[in-house]
Each structure stands twice: as C-alpha cells, then as structure tokens.
Amino acid sequence: MAEAGFWSSYAWPFILTILSILAMVVPLLVAVAYLTLAERRVIAAMQLRKGPNVVGPFGLLQPFADGLKLLFKETILPAGANRMVFLLAPMLTFTLALIAWAVIPVADGWVIADINVGILYLFAVSSLGVYGVIMAGWASNSKYPFLGALRSAAQMVSYEISMGLVIVTVILCAGSLNISDIVEAQRDLWYCIPLLPMFVVFFISTLAETNRSPFDLPEGESELVAGYFVEYSSMSFALFFLGEYANMILMSGMTTILFLGGWLAPFGIAPFIWIPEVIWFLLKVSLVLFCFLWVRATFPRYRYDQLMRLGWKVFLPLSLLWLVVTAGALVAFDWLPAAGGA
C-alpha cells in the first residue's frame, strides 16, 4: 500500500512531467536543426542558387552532417581564458532558449506549466539571455569577443525595453498575465490588427534581440570577425549557434501568442474541423520564421549608431505613446477586460 501511495503521489507526476518536457524539447531540437537547413535553402532560392541538396534526399540530412562534424571537432580553449565561465556561457545561452517554452501553450491545454504569471516568466528568461553573451565575451580574454559582447549587451538591453512596453500594451488589452488567457482574448480579433504599430515594433525588436540581420552588429565580420563567439569551436560553438536559432523559434512563438491569436484559427474556423489547433500554431510560427529569413536575404546591415538611434529615439517613444493611447482608449470607451482574462 505504501509503495502504491508513493507511485501515485510522487513517481507518476514526476514521470508525466519528464515526458511532457521531452514532448516539447525533442521536436524543438529537430525544428532548430531543420531551421538551419530552411534558412540556407530560402536564402539560396532568393539569390537564385540551389543551397544544400547533396547529403540525403533533397539535402534533408545536411543538419545531421553539420552536427556530426561539429561534434567530432576538437574543443580549443584559449590559453588566457577563464575556462569555467568560457564553457558555461554557451550552455547558459542554449538552456535559456529551451526553458522559456515551459509556459508557451501550443494548443488549448498543451502547455507544461500553465502559470498565472507566464508573461513575467518570459520577461525574466529573456532578460537573462544577455548574461551568456557577456560571459562569453569576457571569458575569452580577447578584444574582438569583448567588443562584440559589449555591442550585443547594449543592443539587447535597448530593444528589450521596447519589447517590454509592447507586451504591457498586450497585457492591458487582455487583462491577464496568463498566456492562455491572452490567446483566448484574441478569439474575436487578433491583436495584430488593433495594435498594428506595436506588432511591427515587436517583430523588429525580436530581430535585434536575437542579433539577426539587419541588426547582427555583434557578429559584424568586417570589423569584429565573428563577434562574441569568435574564440569558440566544436560543440561550444554549436551551442551558441543552436541557441540563436532556438531563440528565433521562441521569439516567433511569442509573436504568434501575443499578436496572431496563438492556436486560434483565422476567421472563426472551428479548429478541429479542418486543421488541429497545434497545426495552426505551427503554421503561424513558420510564417514568422520565414519573415526572419526573408529580412536577412533582403536588407543590408545597419550601422551601430543607426541601430541604437532606432531603439532609443524611435521605438521607445513610439511604444510609450501607444501604451498611453491604448490605456486611454480602454478607460475612455470602457473596454477594460474582466480580471483574469477577457
């Protein structure tokens, strides 16, 4: 009896939690691997090239070939580096990109932890991401990684402020910090329509937050070689690389949750008649990811002063103004949602 009570009270909940984590992390890792292939194929198509098409049918095994290559390379530690911090930095970056998915629902009820302060959890995790970059730049004991880390830290902090104000605007409209409630509040109208300027600001800020083109200044090859991870090799470099792409998927998921109705079907289509809810979510995330790749293939890199000016002198005033306008409209027209969700 005692053994049965132990299994029902402790073991099964623990096992179910582990299984739910694996059900989220394993597809995410596969998506990260194939996002690298998709990026190369999409950019190749836009530049009238073929892209990877040799390893496996249609080049589908290329991500595994790249992973094996990096796995079997030698890990080189610079002589003057702080070894512990040097190795912890890529692990931290990659781990933070994964643990944020604990509170993101991919369908109604499909979430590892449906906590009432899910947005605050995402705030905390995204703000910690800058530490991995700073640790990598400092621990390398080299001027190029250090300059790249300083650039990246300033860039991420600058655009996180605008992102935070945009998210506060969404919270005002939804009336809840619970991410599932925010999605349900968009059942009649996705927030990308009434909050279109904030949607644009948020998407551009996610490009800067993930150090993606045209805001990839920390990795400016012409002046900083490869930025903060120039001294990294083998799997430590791969963790930074995978962390960047996992962050892209995370930011696309956040964009989908906050502005594109999450798992909700467009135009009020009943979700299980044509396409399951999780497929709608994945389609929206894929669309935002395609925009990430499209921007990289289209726009030239900004100068650093242009990047900082855009963040502090354009996005910050605009997001502050729209926050005030949204709050004023909600109070003036009595559109305030009920506490705990619309």
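Some notes on this structure:
- Area of residue 30 that stays accessible when all protein chains are in place (1.4 Å probe, Å², to 10): 70 Å²
- Residue order for 181, 334 - accessible surface, 1.4 angstrom probe, largest first: 334, 181
- The heavy atoms of residue 75 present about 70 square angstrom of accessible area, all protein chains included, probe 1.4 Å.
- Modelled label positions at residue 14 and residue 306, each set 7 Å beyond Cα in the direction of Cβ, lie 5.6 nm from each other.
- Cα lying deepest toward the dipole's positive end in the chain, options 332, 255, 119, charges on Cβ: 255
- In this structure, residue 188 and residue 150 have a Cβ-Cβ separation that, at R0 = 51 Å, corresponds to a calculated FRET efficiency of about 0.65.
- The order of 198, 46, 84 by accessible area, most exposed first and with a 1.4 Å probe, is 84, 46, 198.
- Residues of segment 164-180 with amide N under 15 Å of a point placed 7 Å along Cα→Cβ from residue 336: 172-176
- Residue separation of residue 327 and residue 84 scaled by 0.36 nm, minus their Cα-Cα distance, works out to 82.8 nm of gained length.
- Probe 1.4 Å, protein heavy atoms only - accessible area per residue of segment 37-112 in square angstrom: 59 Å²
- Dimensions in Å of segment 65-209 - Rg and Dmax from alpha carbons: 18.7, 59
- Here is the tail figure for the chain: Cα pairs spaced more than 26 Å apart come to 53 percent of all pairs.
- For segment 1-101, the spherically averaged projection of the C-alpha convex hull amounts to 11.4 nm².
- Alpha carbon convex hull of segment 138-238, projected area averaged over orientations, nm²: 8.2 nm²
- Residue 187 - accessible surface, heavy atoms, 1.4 Å probe, Å² rounded to 10: 120 Å²
The values are calculated or read from the model by the stated rules, or taken from the named source; none is laboratory data. Here the structure is a predicted model, which is why all the values come from computation and not from measurement. Using ideal geometry, Cβ is built from the backbone for each residue, glycine included, and neighbour counts are taken over all protein chains shown. Areas reflect the complete protein model, heavy atoms only, side chains present, ligands, DNA and RNA absent. Shrake-Rupley method; radii C 1.70, N 1.55, O 1.52, S 1.80 Å.
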